[in-house]
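The values are calculated or read from the model by the stated rules, or taken from the named source; none is laboratory data. Note that this is a predicted model, so its numbers are computed, not measured. Glycine gets a Cβ as well: all are built from the backbone with ideal geometry, and neighbour counts include every protein chain shown.
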Amino acid sequence: MMEDAARIEGLLRAMTLEDKVGQLAMIRADFDAAGSTLLAPKVADITAGRAGSVLDLRGASAILAAQKAAVEESRLKIPLLFTLDVLHGYRTIFPVPLGEAAAFDPDLWERTARAAAAEAAADGIALTYAPMLDVARDPRWGRIVESAGEDPVVTARFAEAKVKGFQTDDLARGDALAATAKHFAGYAAVNAGREYASADFSQRTFEEVYLPPFAASVNAGVAAIMPAFIELAGVPLTAHRALLTGVLRERLGFDGVLISDFFAVAELIKHGVAADAAEAAALALNAGVDIDMASGTYTDGLPEALARGLVRIETIDAAVRRVLALKLALGLFDKPYARGEDKLAPSTVEAHRALAREAAQKSIVLLQNNGVLPLSAQTSRLAVIGPLADAPGEMLGPWRAAGEASEAVSFLDGVKAAFPHAAVSYASGAHIPAALDAARSADAVLLCLGETASMSGEANSRARPVVPEAQRALAEAVFALGKPVIVTLTLGRPLIAPWLFKEADAVLAAWFLGSEAGNALGDILSGVVSPSGKLPLSWPFDVGQIPVYYGERPTGRPADPENHDTSKYIDAPTEPEFPFGHGIAYTTFDYGEPRVSVQTLRAGESVAVEVDIANVGGMAAEEIVYLFIRDPLASVTRPLLELKAFTKIKTLSGERVTARFDLTTDDFSFPDADARRRIEPGEIEILTGPSADPSLLTRCRVHIVTIE
Ligand code: BGC
C-alpha cells in the first residue's frame, strides 16, 4: 500500500495539467463495418496522454495495440483502463439481471459474474459497468430489465454477489474485472417510467429503498460507481455533491472511482445548471465525479475551470490519485497485457455453457399451470408457434456484449432436443392460418410470445407494457382451438395481459434467458427439473396500478370492498396479477409456523428463525423461502411487509426441510422522523412463506427491548 501511494505521488509530480486531465478523460472507441476500432485521432490522444480509459473497444488484439500505444509510446507510460458493459455474460450469455434475480440465488449470481468476468478479461477488458442496482418498481421503464427487481434487500444481496463474482478478492488477477455499481441513485424513479426524465422522492425512500444496494456494494469493495443520468429534485446526479461526496465518500467511506454516465458531464448544460464546458466540468468534478465518460468536457473544460477559479488543482489531483489507484489495484502497471493474454480453455467455455443452462433453468418462473406441465414423455405431436419461438438472437436480450445469435439455442431447438421422439411443427405466427394448421394436429401448443430484445433496455420506455396486439390476435385464435396451450413470455419487464392469464393452461416467464434459453426451457417443459424461479417484482394487473409493489406503507383506510371510501380503484383491483415472490413448482409445499430462538432481544442481539417446509407433492424441487417483518407500531409508519432475508431449500418428494434465517436487531431498525436510523422497542411480527401474498404467510413475534 505504502509502495502504491509512493508510486502514485511520484507519477503525480511528473504530470502536467494536461496529463492529469487525460487520466480523467475516457474516450469511446470508433466503429466501422468490422466493429469497434480506434482511428488515428484517438490513437494520437492515447500516445499524447490525453486519454486514461477507453469505452467499448472489443477484441484482444485491438485492446493490446491500444495498450501498447499507451504503455510504450506515451511519455508517462500509464496503462489504459478498458471498459465495457458486461452485464449478464460476455460471450456466453446468462439470463438478463431481472431474470436471474428470479432465481433468488446469490451463489448463482456470483458464479455467472465470475464466468462473465473471466471471458471479458480474456479479451482485455478490465472494468465492467455492472451491477446495475436501481431498485425498480415501474415496468414502463425499459431498464427495469437490468435491475434485480423491486426489493432493496434482494438488490443488496445481488450487489454483493455480483461485486464478488466480477472482482474476486484480488482485482489484480488476470481474470478479474473492476465492477461499477450504477446508477446512483433513484434512476428507476423517473417520472411515469419515461427514460431520462427527472425524479423526485423523499429522503426516506432514498434511505430505505435506493441507497441500501449501493451501501452493500461499497461494503463489498466495489471499485467504481456511476451516477445516474437524471436529475433528482433539482440537482442532476452528475453534479450532486451531497450524494456523491457527502453520502458515498464521507458517509459510506467509498474510496473508489466515480465514473460519469455516457456524456452526462456535457449534459449538465442541457439540464440548465452549467453555461459551458468549464462550468459543467467544475460542477461534476467538485461533486466527486472522477472520470468523464466520452463527452470530452473535462478535456475541454477543466483547464479553463481552473483558470477561472471554479476548481482547485487539489481536487483534480485527488481524482487522478483515485484513477491511478484503481489501475494499480487492477495490476495494470505491473502487467498491462495480462488481460487478453490467455485464451479460455475449451473446458472452461463448456463449463460456462453448462452454467448458462443452470442459470436459465433457475430463472424461469412458472406463473400458472393447470396440470398441463410437465408435458408427458408420451407427447407425440407438439406445435411451437409464435414470433419468439425460433429467435435465438432475441434470447440474448439487451447488453449482449460479445454474445452471438448463432451460439444461442432457440426455444424451438430446445424443445426438439427435449422431446426427441415427438413430431414438432413450427410456425412463426406471422400468418395466423398457418399457425393454426400447425396447432390443429398437435397434442399441445407452445406459444412463444413477448418482447423482442430491442423493446426493452435503455431508452425503451413503454407507456403500455402489454403483449403486442398482433400477438394477442394470434393467441386468441390459438386458444379458440381448445388445445392445451402453454405460453412462454420472453420479456424484460412484466407484461400486462389479464386476458392471457385467463385462457392459457400454463404460462412461463422466460425473460431473456441467454445462450442456453431453449435447452433450459426444454428441461422445464419435460420435467427434468421442476421450475423454481419466483418473481422479483409484483406483476401488475393494469397499467394504472403502476407502481404496484408489496412494501407499501399502510393507509388509514385499507381497501375494503364493502366500503366505498377506502384505498382502491373503482375500475380495477388493487392487487397485482401476481405478487412479489410468486412462482410455482411441479410439487406442493406446506409451510409450518416460524420459530424464534429468543422471544426478547436487546439492541445488538440476534435471533435465529426456523421454519419447516414439507414437499408434499410428487417431485423433488427447490423452493425459495422468504422472511418478512412487520413493525405494527412505531414512531413513523412502517411498510406492510419488509423482506429481510430469503433462502433456497432443496427438497425431495415427501421430505421436510428446515429453513433457517439469522437476524440481528439492525434488521429491525429504520430511519426515524429525523432520518436517524433507530431501533425502537416493541413487538415485531416475523412472517415466513412462499411469496408476499399475505394469505400464504405464517407468523410469530419477537419483542425488542432497547437499552439506553
Ligand atoms: C448507460 C450506462 C452504460 C453506458 C456505457 C449509458 O448509456 O446509461 O448504463 O454503462 O451507457 O455504455
Taking region 76-97 as the region of interest, how many residues are at negative phi and away from the ligand (no atom under 16 Å from the Cβ)? 9
In the list F166, F201, F206, which residue meets the criterion of being more than 24 Å from T112 (Cα to Cα) and in contact with a helix residue (DSSP H, G or I) (Cβ under 7 Å, 6 or more places away or on another chain)? F201
The correct count of residues that are within 15 Å of the ligand (Cβ to nearest atom), part of a loop (DSSP other than H, G, I, E, B) and not aromatic (F, W, Y) in region 195-230 is 6
Of the numbered conditions (1) in contact (Cβ under 8 Å) with a residue 40 or more places away in the chain; (2) farther than 16 Å from N370 by Cα; (3) of a type in the set (A, V, I, L, M, F, W, C), V487 satisfies every one except a single condition; which is it? (2)
If you go through region 454-466 one residue at a time, do you hit one that is in a helix (DSSP H, G or I), within 16 Å of the ligand (Cβ to nearest atom) and more than 20 Å from P536 (Cβ to Cβ)? yes
Can you give me the number of residues within region 98-112 that are more than 16 Å from the ligand (Cβ to nearest atom) and crowded, with 24+ Cβ neighbours inside 10 Å? 9
So if I check each of A377, A402, which one is under 30 Å from I78 (Cα atoms), in a loop (DSSP other than H, G, I, E, B) and hydrophobic (A, V, I, L, M, F, W, C)? A402
Being of a type outside the set (A, V, I, L, M) and within 15 Å of the ligand (Cβ to nearest atom) is the filter here, so list the residues in region 128-157 that pass it. T128, Y129, P131, D134, W141, G142, R143, E146, S147
Pairs under 9 Å by beta carbon, first residue over 19 Å from Y90 (Cα atoms) and part of a strand (DSSP E or B) in region 169-186, partner of a type in the set (A, V, I, L, M) and away from the ligand (no atom under 16 Å from the Cβ), six or more apart or different chains? F184/L211; F184/L243; F184/L244; F184/V247; F184/L248
Sole exception among (1) out of contact with any Ser or Thr (no Cβ under 9 Å at 6 or more places or on another chain); (2) on the phi > 0 side of the Ramachandran plot; (3) modelled with pLDDT of 95 or more for G429, by number: (3)
Taking G331, is it part of a loop (DSSP other than H, G, I, E, B), modelled with pLDDT of 95 or more, over 18 Å from H183 (Cα atoms) and of a type outside the set (D, E)? yes
Filter region 569-619 for residues that are out of contact with any Lys or Arg (no Cβ under 9 Å at 6 or more places or on another chain) and of a type in the set (D, E, K, R) and give the result. D571, E575, E577, R595, R602, E605
Name every residue in region 490-517 that is assigned to a strand (DSSP E or B) and either basic (K, R) or within 12 Å of A102 (Cβ to Cβ) (or both), in order of residue number. L508, A509
For S515, are the conditions met, namely being surrounded by 21 or more Cβ atoms within 10 Å (Cβ to Cβ), at pLDDT 95 or above and touching a helix residue (DSSP H, G or I) at 6+ places or on another chain (Cβ under 9 Å)? yes
Could you look through region 54-97, keep only residues that are hydroxyl-bearing (S, T, Y) and crowded, with 24+ Cβ neighbours inside 10 Å, and pick out the one that is farthest from A325 (Cα to Cα)? T92
Can you tell me which residue in region 467-488 is farthest from the ligand (Cβ to nearest atom), limited to those that are over 23 Å from I546 (Cβ atoms) and of a type in the set (D, E, K, R)? K483
Counting only residues that are more than 16 Å from the ligand (Cβ to nearest atom) and part of a loop (DSSP other than H, G, I, E, B), region 241-292 contains a total of 10
So if I check each of T651, T688, T664, which one is surrounded by fewer than 16 Cβ atoms within 10 Å (Cβ to Cβ) and either within 28 Å of the chain's Cα centre (by Cα) or among the β-branched types (V, I, T) (or both)? T664
Quick check on V485: is it at pLDDT 95 or above, more than 25 Å from S406 (Cβ to Cβ) and surrounded by 17 or more Cβ atoms within 10 Å (Cβ to Cβ)? yes
Go through region 158-189 and report how many residues are of a type in the set (G, A, S) and more than 16 Å from the ligand (Cβ to nearest atom). 5
Among (1) under 20 Å from P554 (Cβ atoms); (2) under 25 Å from the mean Cα position of the chain (by Cα); (3) touching a residue at least 60 places away in the same chain (Cβ under 8 Å), I629 falls short only on (3)
Total residues in region 26-46, condition in a loop (DSSP other than H, G, I, E, B) and out of contact with any Leu (no Cβ under 9 Å at 6 or more places or on another chain): 3
Of all residues being assigned to a strand (DSSP E or B) and among the acidic types (D, E) in region 574-614, which is nearest to F646 (Cα to Cα)? Just the residue, please. E610
Determine whether A520 is assigned to a loop (DSSP other than H, G, I, E, B), among the hydrophobic types (A, V, I, L, M, F, W, C) and in contact (Cβ under 8 Å) with a residue 40 or more places away in the chain. no
Is it the case that G296 is more than 15 Å from T180 (Cα to Cα), over 22 Å from the mean Cα position of the chain (by Cα), within 16 Å of the ligand (Cβ to nearest atom) and of a type in the set (G, A, S)? yes
One residue from R312, R339, R322, R381 being among the basic types (K, R), farther than 30 Å from L491 by Cα and over 30 Å from the mean Cα position of the chain (by Cα): R312
Residue that is surrounded by the most Cβ atoms within 10 Å (Cβ to Cβ), among those in region 452-468 that are under 18 Å from the mean Cα position of the chain (by Cα) and over 15 Å from V190 (Cβ atoms): S456
